[in-house]
Amino acid sequence: MRPKVTQENVHLFIPSKVSKICAELNRRESLSLKDSILKFYNSPVYETLSRESSKLWQEGWVYIFKMMDL
């Protein structure tokens, strides 16, 4: 049985997506890894991703990355 995803545990589904998104920001924009991380964590996309009710955490990292509107 799969656990129910709630606002309290949605953070468990986010790190692998953030890692891939930040690596892609690093590659595409020639940002340092630190700057890539800061850019993503300070974006409206991350804010949406971190809300369980948005269900964005269910999407793949490429879909989420494209939301960055670079």
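The values are calculated or read from the model by the stated rules, or taken from the named source; none is laboratory data. Keep in mind it's a predicted model, so treat the numbers as computed, not measured. Don't worry about glycine lacking a Cβ; one is built from the backbone with ideal geometry, like all the others, and counts go over all protein chains shown. Please note that ligands, DNA and RNA were not included when accessible areas were found on the heavy atoms of the full protein model with its side chains. Shrake-Rupley method; radii C 1.70, N 1.55, O 1.52, S 1.80 Å.
Numerical summary
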item	result
Contacts under 8 angstrom Cβ, first residue in the stretch 5-22 being more than 11 Å from residue 40 (Cα to Cα) and at pLDDT below 95, partner among the β-branched types (Val, Ile, Thr) and open to solvent by less than 30 Å² (accessible area, probe 1.4 Å), 6 or more apart	13/5
Hits in the stretch 13-70 - residues which are surrounded by fewer than 16 Cβ atoms within 10 Å (Cβ to Cβ), more than 29 Å from residue 2 (Cα to Cα) and of a type in the set (Lys, Arg)	27, 28, 34
